[in-house]
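Peer 1: Structure in structure tokens, see below.
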Amino acid sequence: MTKMLRLLGNLIRARNTPAKVLVGSRNYADFASEASFDIKKCDLHRLEEGPATTVILTREDGLKCYRIMQLIRRMELKADQLYKQKIIRGFCHLCDGQEACCVGIEAAIKPTDHLITAYRSHGYTYTRGISVKEILAELTGRRSGCAKGRGGSMHMYADHFYGGNGIVGAQVPLGAGIALACKYFEKDEICVTLYGDGAANQGQIFETYNMAMLWKLPCIFICENNRYGMGTSVERAAASTDYYKRGDFIPGLRVDGMDILCVREATRFAADYCRSGKGPILMELQTYRYHGHSMSDPGISYRTREEIQEVRSKSDPITMLKERMLSKNLSSVEELKEIDVSVRQEVEEAAQFATTDPEPALDDLAHNVYHNEAAFDVRGTNPWIKYRSVS
């Protein structure tokens, strides 16, 4: 009886071994290197032709984009948790649901190009080169944050990235100024200038359109239309919701902002247009945020839970990319799960760091107020404490 059981065990192990080898080999050799996809056509304004509607996605780019979008999603969910634990204080605007915008734009521009955005900036901060550790440390007000703990959610910066700006619409003329510098110094660079649908009615934006067109500035103006400016729907706030036509004399594109391939191709088209010397171009990215306007907004008083769930189930940018990659054999469920696990681990480690890193010393408040200025007194946390500035 014992001999028969031993033989049966050997037979089972022998039958299982080839299956393991087969599964392992698929991870390295059986995937397609690239695939072709049809994407939604952009609506055009003052353009005879637009971005391609049939595009190529390589396995390498697909895995990279999937990982970055997952990382941004997990980072924002962790920020939500830290805020509810009162570890993150003040303003906090999350971009989960809009990952295709920041990742798609970055995939189509150069590292030396410039980007400026509004306060929903965490995703762009990451794609512009700042680590999750530095972003979460900035959110928790720690000295290892990307702005040394002084900026918080709305004020993060990196090379060729100018924030995170808290005044509604005010970053748009700044972006045009950056584009003017690119043209003045004859650099083959452009500036991507982002704002939301809530800012789209600001007068300074239309003044900026006018100057940018007159001076033929290499600027891509991008309206991230997530359908709600704070708690007000676009239909209630704007007589015309065709934001891509708002530049009038400036050509425009309306893009599916939930599809990373649509965003990538439209941005690539717009960047080529600007670099050719034709002047500015306007893009409207139709997207959606899953959280409220900020963490103080539950996000369900002006829209229903069912609406949010419908967008999640039909248009989620991460799910859309995942299904495309699986359908064309660019990856496997197991491989993408491995990425998910590594992303969770990275975010957890970053959160641990962001909650244990020391806060900046109070006398650091006086550092870097101005560059190369004579020292002067800076009032501290009460009228009787003063610090000496350090350039």
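Peer 1: Only residues in segment 105-125 that are within 12 Å of residue 264 (Cα to Cα) count as the first member; pair them with residues that are assigned to a loop (DSSP other than H, G, I, E, B) and of a type outside the set (Asp, Glu), Cβ under 8 angstrom, at least 6 apart or cross-chain, and list the lot.
Peer 2: Within 8 Å, the pairs are 106/128; 109/190.
Peer 1: Of all residues in segment 314-352, which are open to solvent by 80 Å² or more (accessible area, probe 1.4 Å), over 25 Å from residue 133 (Cα atoms) and part of a helix (DSSP H, G or I)?
Peer 2: Result: 314, 323, 327, 334.
Here is a yes/no grid of residues against (1) open to solvent by 10 Å² or more (accessible area, probe 1.4 Å); (2) of a type outside the set (Ser, Thr, Tyr):
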position	(1), (2)
126	yes, no
132	no, yes
147	yes, yes
156	no, yes
165	yes, yes
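Peer 1: Here are the criteria: (1) touching an Asp or Glu at 6+ places or on another chain (Cβ under 9 Å); (2) open to solvent by 50 Å² or more (accessible area, probe 1.4 Å); (3) not polar (S, T, N, Q). Tell me which single one residue 268 does not satisfy.
Peer 2: Here residue 268 meets the rest and fails (1).
Peer 1: Also, quick follow-up: With respect to residue 247, determine if the residue is outside any helix (DSSP H, G or I), touching a residue at least 24 places away in the same chain (Cβ under 8 Å), on the phi > 0 side of the Ramachandran plot and not hydrophobic (A, V, I, L, M, F, W, C).
Peer 2: Here the answer is no, as residue 247 does not meet what is asked.
Peer 1: Would you check which residues across segment 353-391 are within 32 Å of the chain's Cα centre (by Cα), open to solvent by 70 Å² or more (accessible area, probe 1.4 Å) and among the aromatic types (Phe, Trp, Tyr) and list them?
Peer 2: Of everything in segment 353-391, just one residue is within 32 Å of the chain's Cα centre (by Cα), open to solvent by 70 Å² or more (accessible area, probe 1.4 Å) and among the aromatic types (Phe, Trp, Tyr), namely 370.
Peer 1: In addition: Determine the pairs where a residue that is within 21 Å of residue 122 (Cα to Cα), located within segment 332-360, has a partner that is among the aromatic types (Phe, Trp, Tyr) and crowded, with 16+ Cβ neighbours inside 10 Å with Cβ atoms under 9 Å apart, the partner being 6 or more residues away or on another chain.
Peer 2: Close Cβ pairs satisfying both conditions: 339/66.
Peer 1: Going by the conditions given, is residue 320 modelled with pLDDT of 95 or more, on the phi < 0 side of the Ramachandran plot and touching a Ser or Thr at 6+ places or on another chain (Cβ under 6 Å)?
Peer 2: Taking the combined requirement at face value, the residue does not satisfy it.
The values are calculated or read from the model by the stated rules, or taken from the named source; none is laboratory data. Because the structure is predicted, anything quoted here is derived from the model rather than measured. Backbone-built Cβ (ideal geometry, glycine too); neighbour counts: all protein chains shown. To get the accessible areas, we keep the full protein, side chains included, count just its heavy atoms, and leave off ligands, DNA and RNA. Shrake-Rupley method; radii C 1.70, N 1.55, O 1.52, S 1.80 Å.
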